[in-house]
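Peer 1: Would you mind keeping the following structure in view while I ask a few things?
The values are calculated or read from the model by the stated rules, or taken from the named source; none is laboratory data. Quick caveat, the model's predicted, so the values are computed rather than measured. Cβ coordinates were reconstructed from backbone atoms using ideal geometry, including for glycine residues, and neighbour counts include every protein chain displayed. All accessible areas refer to the heavy atoms of the entire protein, side chains included, with ligands and DNA or RNA removed. Shrake-Rupley method; radii C 1.70, N 1.55, O 1.52, S 1.80 Å.
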Amino acid sequence: MDFLHSILIKPFVDMAAAPDFLLQVLWEGAVSGVLYSLIALGFVLIFKSSRIFNFAQGIMVVFAALTLIGFHASGVPALLAVPLTLVVMYVLAMSIERLVLRPLVNQPDIILFMATIGITLFLVGLGEIIFGGENKRMITEELGIPTGSFAFEPFGGFLLLEQKDVTAVVGAVVLVVALLVFLNKSKMGRAIRALGDDHQAALSVGISLSTIWVLVWFIAGVVALMTGIAWGARAGVSFALEVIAYKALPVLMLGGLESVSGAIIGGLAIGILEKLFEIYWGQPLLGGNTESWFAYVFALMVLLFRPQGLFGEKIIERV
């Protein structure tokens, strides 16, 4: 009975007893969830347009952040280093399309997936050669990102919001809205959606596969830079950041590989739920550190009942 009480009753009693602390936990989870959503967006955009699962998205986050820091370390002003980093990500997108993807057109999906693993290993080696392997500080203040905090007293308690986290959330919302407007209103955005809906039909009406691939890989690079800045401001920048990026995998499992809205909602759900579980169940019952595996177990449970994810399209095949 005591065990069931500690699982089913005590956590909710603790939430009700300290609502201000609950708000703090929810905020921390929401910030992590927003960043998970950003990483997942990079996967979704590339998969929608090319049916390629981009294993390299994690290292792209690290490479973009290290490139930004590297430009600034060489004397380039921080606000100029951002567009220069975007130029590097565009050159990277063009190189991937020309040297890797174009020769592999019409190859099986597993071949393209293995190619992205090769891109990952190449970027790891190139990044270590150029930038070294040590942990680096994100140029947070130089970019004009505030480093203070906002303090509130909800329910007579205390709530602290880091300004860099607020900036990351606002920036992510602006980026997501801009992407949605681009995908739904622009000619190139509609071309990306058409390519995702029906590859052959899109090609038959003159949509350029190579142009779209360069575009979506560049957009994934923009998302990677935004994510690298936000994560780097919280925990520094190193190649270990690539592991954090793989938290997007359960987000994709939950939201579906082809759904932009699924990536956003799935990321927020994973971020908030893993933080709640860690604080109210993981630490009291399991000694903590549940954030490293909770998202994967939760996504697996969802897939048992809905294999295409919550927002993925159900595929019906007639024989």
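Peer 1: Once you place label points 7 Å from the Cα toward the Cβ at residue 185 and residue 296, how far apart are they in nm?
Peer 2: Output for this residue pair reads 4.1 nm.
Peer 1: Suppose each label sits 7 Å from its Cα in the direction of the beta carbon; what would the residue 170-residue 3 distance come out to in nanometres?
Peer 2: Output for this residue pair reads 4.9 nm.
Peer 1: If ligands, DNA and RNA are left out, what is the accessible area of residue 301 with a 1.4 Å probe, given in Å² to the nearest 10?
Peer 2: Here the accessible area works out near 110 Å².
Peer 1: Sticking with this structure for a sec: Using Cα-Cα distances under 8 Å and only pairs 6 or more residues apart, what relative contact order does the stretch 36-104 have, in percent?
Peer 2: Numbers: 25 pairs, mean separation 12.6, N = 69.
The normalised contact order for the stretch 36-104 reaches 18 percent.
Peer 1: Which of the peptides 39-50, 289-300 is most tightly packed, and how do the rest follow, going by the mean number of other Cβ atoms within 10 Å of each residue?
Peer 2: Packing proxy ranking, top to bottom: 39-50, 289-300.
Peer 1: OK, next. Have a look at the stretch 247-290 and give its Rg and Dmax from the Cα atoms, expressed in angstrom.
Peer 2: Values for the stretch 247-290 (Cα only, Rg and Dmax): 12.2, 37 Å.
Peer 1: Once the Cα atoms of helix 57-73 and of the chain are each reduced to a long axis, what angle between those two axes, in degrees from 0 to 90 to the nearest 10, is obtained?
Peer 2: In the chain, helix 57-73 runs at an angle near 90 degrees to the longest axis.
Peer 1: Find the centroid of the Cα atoms in the stretch 27-95 and in the stretch 124-170, then give the distance between the two in whole Å.
Peer 2: Value for the Cα centre distance between the two parts: 16 Å.
Peer 1: Multiplying the sequence separation of residue 234 and residue 285 by 0.36 nm and subtracting their Cα-Cα distance, what value in nm do you get?
Peer 2: 15.6 nm is the gain from fully extending residue 234 to residue 285.
Peer 1: How high is the relative contact order of the stretch 1-157, in percent, counting Cα pairs under 8 Å that sit 6 or more residues apart?
Peer 2: With pairs under 8 Å counted, the relative contact order is 31 percent.
Peer 1: Still on this structure: Mind checking the full-extension length gain between residue 117 and residue 91? Use 0.36 nm per residue of separation minus the Cα-Cα distance, one decimal, nm. Can you show the working numbers first?
Peer 2: On the way: separation 26, 0.36 × 26 = 9.36 nm, distance 1.90 nm.
Full extension of this stretch gives 7.5 nm more.
Peer 1: Hey, got the dipole for the chain? About the Cα centre, +1 on K and R Cβ, -1 on D and E Cβ, debye to the nearest 20?
Peer 2: The calculated dipole for the chain is roughly 980 debye.
Peer 1: Suppose R0 equals 45 Å; then what is the FRET efficiency for residue 84 and residue 303 from their Cβ-Cβ distance, rounded to the nearest 0.05?
Peer 2: Efficiency for this residue pair is about 0.65.
Peer 1: Using only the alpha carbons, work out the radius of gyration and Dmax of the stretch 76-234 in angstrom.
Peer 2: 19.7, 64
Peer 1: Given an 8 Å cut-off on Cα distances and at least 6 residues of separation, report the relative contact order of the stretch 110-264 as a percent.
Peer 2: That works out to 23 percent.
Peer 1: So for the stretch 1-117, Kirkwood radius off the Cα pairs, Stokes-Einstein at 20 °C and 1.002 mPa s: how many µm² s⁻¹?
Peer 2: The diffusion coefficient I find is 118 µm²/s.
Peer 1: Hey, how much of the P(r) for the chain falls beyond 30 Å, as a percent of Cα pairs?
Peer 2: The share of Cα pairs beyond 30 Å in the chain comes to 38 percent.
Peer 1: So what is the accessible area of the chain per residue, in Å², with the probe set to 1.4 Å?
Peer 2: On the way: 15540 Å² over 319 residues.
The answer is 49 Å² per residue.
Peer 1: Sum up the lysine pairs in the chain that clear both bars: alpha-carbon distance under 26 Å and a spacing of 8 or more or different chains.
Peer 2: Lysine pairs satisfying the spacing and distance rule in the chain number 11.
Peer 1: Whenever you get a sec, compute what percent of the accessible area on the chain sits on carbon and sulfur atoms (1.4 Å probe).
Peer 2: 68
Peer 1: For an R0 of 30 angstrom, estimate the FRET efficiency from the Cβ-Cβ distance between residue 10 and residue 141 and round to the nearest 0.05.
Peer 2: Working: r = 42 Å, r/R0 = 1.40.
Step by step, r from the Cβ atoms, then E = 0.10.
Peer 1: Given N residues in the stretch 32-89, what is Rg(Cα) / (2.2 N^0.38 Å)?
Peer 2: 1.31
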